[in-house]
Amino acid sequence: LDVFATTLRALTDTPSPTVRIDLGGVTFLAAAAARTLIRDTAPFRDHGADVEIDATPHITRILQLLDIHRLPQLHLSCRGVPQLR
């Protein structure tokens, strides 16, 4: 979890208007990891930058159930899974 948080902070500590997070290889996402994803991308998103998350169908569904896709500036995508609004 510490490595994940450090990586997220490093990714979002850029002047880029968009950061893409590829969770394609992730098969399990604990609630603590989802919370870290929200918390550690918030400062980046609060400045109007976009965070794009690409995940497997399983992880995408978990994130959708947590309503992460409803957070401002956060975009969730996965082939084969309809996007929720």
For the range 8-21, state whether one or more residues are more than 17 Å from S77 (Cα to Cα) and either in contact with a Cys (Cβ under 8 Å, 6 or more places away or on another chain) or acidic (D, E) (or both). yes
With (1) assigned to a loop (DSSP other than H, G, I, E, B); (2) open to solvent by 40 Å² or more (accessible area, probe 1.4 Å) as the list, and R20 as the residue in question, which single condition is left unmet? (1)
I need the full set of residues from the range 6-18 which are modelled with pLDDT of 90 or more and either touching a Leu at 6+ places or on another chain (Cβ under 8 Å) or not β-branched (V, I, T) (or both), in order please. P17
Given the structure, is F4 surrounded by fewer than 17 Cβ atoms within 10 Å (Cβ to Cβ) and either in contact with a strand residue (DSSP E or B) (Cβ under 9 Å, 6 or more places away or on another chain) or in a helix (DSSP H, G or I) (or both)? yes
So, first residue surrounded by 16 or more Cβ atoms within 10 Å (Cβ to Cβ) in the range 61-85, second residue at pLDDT 90 or above and part of a loop (DSSP other than H, G, I, E, B), Cβ within less than 6 Å, six or more apart or across chains; the pairs are I62/L29
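The values are calculated or read from the model by the stated rules, or taken from the named source; none is laboratory data. Computed from a predicted structure; not experimentally measured. FYI the Cβ positions are ideal-geometry reconstructions off the backbone, even for glycines, and counts take in every protein chain you see. Protein only, heavy atoms only, side chains kept; ligands, DNA and RNA dropped before computing areas. Shrake-Rupley method; radii C 1.70, N 1.55, O 1.52, S 1.80 Å.
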